1. May I ask you to list pairs of residues, at least six apart or on different chains, whose Cβ atoms are under 8 Å apart, with the first in the range A:505-516 being open to solvent by 10 Å² or more (accessible area, probe 1.4 Å) and the second being assigned to a helix (DSSP H, G or I) and aromatic (Phe, Trp, Tyr)?
2. Can residue B:55 be described as within 7 Å of chain A (Cβ to nearest Cβ) and of a type outside the set (A, V, I, L, M)?
3. Identify the single condition in (1) farther than 21 Å from residue A:470 by Cβ; (2) at the interface with chain A (Cβ under 8 Å from one of its Cβ atoms); (3) at pLDDT below 95 that residue B:44 does not satisfy, given that it satisfies every other one.
4. Looking at the structure I just gave you, is residue A:493 surrounded by fewer than 20 Cβ atoms within 10 Å (Cβ to Cβ), within 30 Å of residue A:408 (Cβ to Cβ) and of a type in the set (Gly, Ala, Ser)?
5. If only one of B:92, B:170 is within 14 Å of chain A (Cβ to nearest Cβ) and of a type in the set (Asp, Glu), which one is it?
6. Just one of A:499, A:482 is among the hydrophobic types (A, V, I, L, M, F, W, C), within 27 Å of residue B:252 (Cβ to Cβ) and open to solvent by less than 40 Å² (accessible area, probe 1.4 Å); which is it?
7. In this structure, is residue B:109 more than 7 Å from every other protein chain (Cβ to nearest Cβ), in a loop (DSSP other than H, G, I, E, B) and not acidic (Asp, Glu)?
Amino acid sequence: MAETIVHTVRGELHGSHAHHPELSFFRKYIWSEDHKTIALQYLFTTMFFLLVGGLLAMGVRFQLAFPGAPVPLIGTLLPSWLVTSAGAIQPGGYNGLVTMHATAMVFLVIMPFLIGVFGNYLIPLQIGAPDMAFPFFNALSYWLFFLSGIVLLSSFFVPAGFPASGWTSYAPLSAHAQYNGTQAGQSLWCVGLFINGLASIAGATNYITTVINMRAPGMKMFRLPLPVWALFITAILLLLAVPVLSAAAAMLFCDLNFGTSFFSASNYGQPLLWQHLFWFFGHPEVYIMILPAMGIASEILAVNSRKPIFGYKAMVYALVSIGVLGFIVWGHHMFVSGMNILLSATFSFSTMVIAVPSAIKTFNWMGTVWGGSIRYTTPMCFALAFVSMFVIGGLSGIFMAATPVDLFIHHTYFIVAHIHYVLFGGSLFAVFGAIYFWFPKMFGRMMNETWGKIHFALAFIFFNCTFFPMHNLGLNGMMRRIADPPLYDHLRSSQPINIFVSVSAFCLGLSTIPFLINFFYSIFKGPKAPKNPWESTTLEWTVPSPPGHGNFETTPTVYHGPYEYSVPGMDKDYLPQNEPAPEKARIAVH
Amino acid sequence: MTQFLSRKSGSIALLVIVFVACGVPAYAAQRTSGLWWMPDVASKGGEQIDQLTYFIYYLTGAVFVLTQVVYIYFLIKYRAKRGVRATYSHGDNRLELVWTAIPTAIFIGLWGYSNHMWWDVIHKEPPPGTMEVAVNAYQFGFSFQYPGASGKLGRSDVKLLSPENVFGNDRTDPLTKEDFQSGVLELPVNRGVRILLTSRDVIHGFYIPQFRIYQDAVPGRTIDWVWFVPTKVGSYDLACSQLCGSGHYNMKAQIQVVSEEEFDNWYKQKLAAAGNASAANAPAQSK
């Protein structure tokens with residue numbers, strides 16, 4: 001089948017009905033098996049979930065700044081598990097908001113954005129393949145993901161509402177309705193994550209197989225663009241880590257509904273077992289959510305610096321070592337959990353070691369812009385900011401890795417600041433950059449640069465105003481997941497910071513509006529995009545924008561690595577992977 | 001390529017503004033009033049931990065400033081200019097080696113330092129004269145059990161824990177009869193306290209920011225390795241910092257650190273009250 005697709009030309013698609021009859025609307029847009037359509041399905045769905053997760057965050061921030069004040073406009077319309085009759089958020093409902101904000105952002109936004117959207121879109125196009133190895137599986141993966149989103153969010157409508165034991169759902173709180181009071185919501189959480197896990201496993205299998213088997217001739221592993229490398233390693237992590245979460249979610253579901261006691265202290269259950277299972281998944285998950293972002297940022301940095309990526313192989317080895325080490329650091333979430341304290345020393349050590357490849361990557365990004373000819377496009381601004389924000393998130397992580405300091409700042413806003421610097425300033429900034437960067441390829445039109453820059457500036461400023469002061473809140477001893485900080489003596493003085501953070505967060509939420517308008521306007525009215533608007537070297541830019549079904553007219557042949565920019569002796573400053581180097585070009589062997 | 005040059009100065013100005021804007025909250029963090037910074041430390045271990053916190057703070061701060069200064073310098077210096085091509089370089093293995101080796105050395109050194117302190121603050125035997133207090137967490141509060149005149153808590157076991165016997169006391173141990181309970185954690189200043197931490201229902205946190213101490217209370221276990229020495233007289237909040245349900249936001253208890261004398265008075269009073277109560281109960285039980 002792959003053979004027939006390879007020889008399809010987009011221009012001829014409409015004419016060649018004999019080979020490719022026009023697909024029905026259902027097959028073209030709903031149950032599509034084309035990786036590009038599936039990527040776009042993921043994109044639109046994930047943007048919707050991003051708005052939902054963002055609104056939940058606004059609810060959280062409103063409560064923290066103005067505890068007890070009725071929610072403006074919609075307060076009285078909200079269900080009774082969430083608000084009092086006066087429309088103010090109540091503590092139990094607040095826990096639900098926190099839980100669903102994090103669950104949605106992790107499982108319905110960041111993961112599918114990076115892996116579902118860009119994994120699907122980029123892997124076949126960048127390796128020179130006509131599609132994924134298992135197109136049916138790919139479509140199935142999307143619809144399972146969609147279903148999991150519906151299941152998770154439907155808990156809004158059940159009695160007692162959202163699950164309220166945090167996205168980490170520590171047992172026994174999560175395992176007994178008498179403790180959490182949200183049996184239906186918590187059960188839906190388990191089912192939703194189980195389905196979400198199936199989607200991830202289906203996707204991961206597909207990505208791994210595709211990268212191993214379907215590379216174009218000449219596309220050696222060390223000629224893969226870095227996003228593909230990152231997504232490949234990520235897919236392996238997914239395949240090994242997600243089944244553990246699925247199993248744990250199934251066990252938790254049984255504890256909740258069938259009276260088993262895997263995780264309860266009575267009947268020989270073990271509360272810490274949940275934490276070990278969860279974090280055995282949860283820490284590779286952290287890297288699942290950042291590695292693809294690193295790959296994307298590397299790509300954008302190299303293209304817009306007009307330079308080869310600095311230390312390509314070092315970058316690949318760093319990705320691989322993060323992938324391996326990522327499986328032996330989970331215990332650093334549990335220094336104060338009651339786990340054997342000798343283990344803490346071990347996990348502290350592995351955690352310090354895993355910081356090394358991250359440092360290597362940072363230095364290589366700086367090496368990439370060094371000596372470049374930097375084009376300040378919108379995607380570049382996001383990629384540059386990604387590096388700085390990742391540095392802040394990485395450095396703040398060192399505080400937690402030092403076990404004694406963790407005694408003080410564990411479960412405070414310091415960790416909230418840390419995770420948002422990595423996941424928002426890191427992953428989400430990379431996602432924004434990637435959308436601006438690959439939008440021309442996806443939709444055949446350009447996004448508006450000026451509005452892109454405005455979006456970037458607003459997002460960058462308000463992001464820092466929102467999350468940087470959270471470090472201070474954490475150092476001041478503000479615990480996570482408390483609905484009413486001024487109830488505590490030591491937190492009363494820092495309440496003005498909470499108000500500042502919340503106002504910044506509202507502005508950060510509003511900063512998405514220029515992006516959304518730009519995005520939807522450009523789909524229909526943006527200027528037509530050329531094949532290769534950024535003068536890039538990777539294979540996706542050698543086909544029309546958007547590429548036709550089957551991607552490549554003829555299977556491309558790859559002659560060299562992905563980042564041959566500014567090669568001496570050439571007129572143009574980029575050498576696409578499928579073009580043999582001209583004789584006078586002096587390509588370096590590296 | 002020209003389209004990327006057209007508005008370059010505007011873009012650079014924007015980027016600079018944006019990075020300066022990032023500096024404002026960073027500067028704010030330098031302020032060390034109570035609003036911005038750690039609450040005053042009030043325990044011995046906490047003082048040590050603060051040294052490490054400051055060490056990491058200055059280390060990471062220096063790394064941050066250094067890398068960002070170099071980075072921003074690059075971003076300004078190497079902006080696209082007409083007729084200037086980027087340097088063609090795939091990297092430098094010696095540099096890779098340098099920036100692999102140096103961070104590795106720093107991180108391992110840091111691990112050594114922090115692990116040494118972890119040993120010192122947590123593993124070391126508490127000082128002589130350390131008092132034991134049992135702490136039991138529940139949805140949504142804490143209760144405390146003090147040893148009787150013997151100075152030793154009676155035997156207890158989490159397996160005996162029940163709604164009537166929240167500390168899981170072993171009633172056959174004569175020492176148990178002397179133990180008394182309190183709703184406030186009253187502590188003498190400058191004397192070691194070791195806590196025996198249990199939970200009745202779900203996981204709770206035992207968090208005292210001024211003491212720089214945090215430990216989860218896990219149902220089904222007694223966690224017996226946490227000890228600290230309060231160094232300042234005062235009233236503090238003991239906060240639960242592990243999400244434990246709808247009342248979590250307000251789950252706390254009062255800690256009173258008082259002078260040795262005051263503590264002895266309080267202790268004697270409590271002990272006498274407990275003695276009277278058990279004396280009153282005893283005949284009733286024998287009937």
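1. Pairs that qualify, where the first residue is open to solvent by 10 Å² or more (accessible area, probe 1.4 Å) and the partner is assigned to a helix (DSSP H, G or I) and aromatic (Phe, Trp, Tyr), are A:507/A:462; A:508/A:462; A:508/A:463; A:514/A:451.
2. On the way: within 7 Å of chain A (Cβ to nearest Cβ): no; of a type outside the set (A, V, I, L, M): yes.
Spelling it out, it is not the case that residue B:55 is within 7 Å of chain A (Cβ to nearest Cβ) and of a type outside the set (A, V, I, L, M).
3. Every listed condition holds for residue B:44 apart from (2).
4. Working: surrounded by fewer than 20 Cβ atoms within 10 Å (Cβ to Cβ): yes; within 30 Å of residue A:408 (Cβ to Cβ): yes; of a type in the set (Gly, Ala, Ser): yes.
It is true that residue A:493 is surrounded by fewer than 20 Cβ atoms within 10 Å (Cβ to Cβ), within 30 Å of residue A:408 (Cβ to Cβ) and of a type in the set (Gly, Ala, Ser).
5. Going through B:92, B:170 in turn, the sole match is B:92.
6. Working: A:499 fails: open to solvent by less than 40 Å² (accessible area, probe 1.4 Å).
Just one listed residue meets the conditions, A:482.
7. Working: more than 7 Å from every other protein chain (Cβ to nearest Cβ): yes; in a loop (DSSP other than H, G, I, E, B): no; not acidic (Asp, Glu): yes.
When the stated conditions are applied, residue B:109 does not pass them.
Conditions (1) open to solvent by less than 40 Å² (accessible area, probe 1.4 Å); (2) over 14 Å from residue A:295 (Cα atoms), marked per residue:
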| position | (1), (2) |
| --- | --- |
| A:212 | no, yes |
| A:231 | yes, no |
| A:249 | yes, yes |
| A:253 | no, yes |
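The values are calculated or read from the model by the stated rules, or taken from the named source; none is laboratory data. It should be emphasised that the depicted structure is a prediction, and the values quoted were computed from it without experimental measurement. A quick note on method: Cβ atoms are made from the backbone with ideal geometry, for glycine too, and the neighbour counts reach across all protein chains shown. Surface areas here come from the heavy atoms of the whole protein model, side chains and all, with no ligands, DNA or RNA. Shrake-Rupley method; radii C 1.70, N 1.55, O 1.52, S 1.80 Å.
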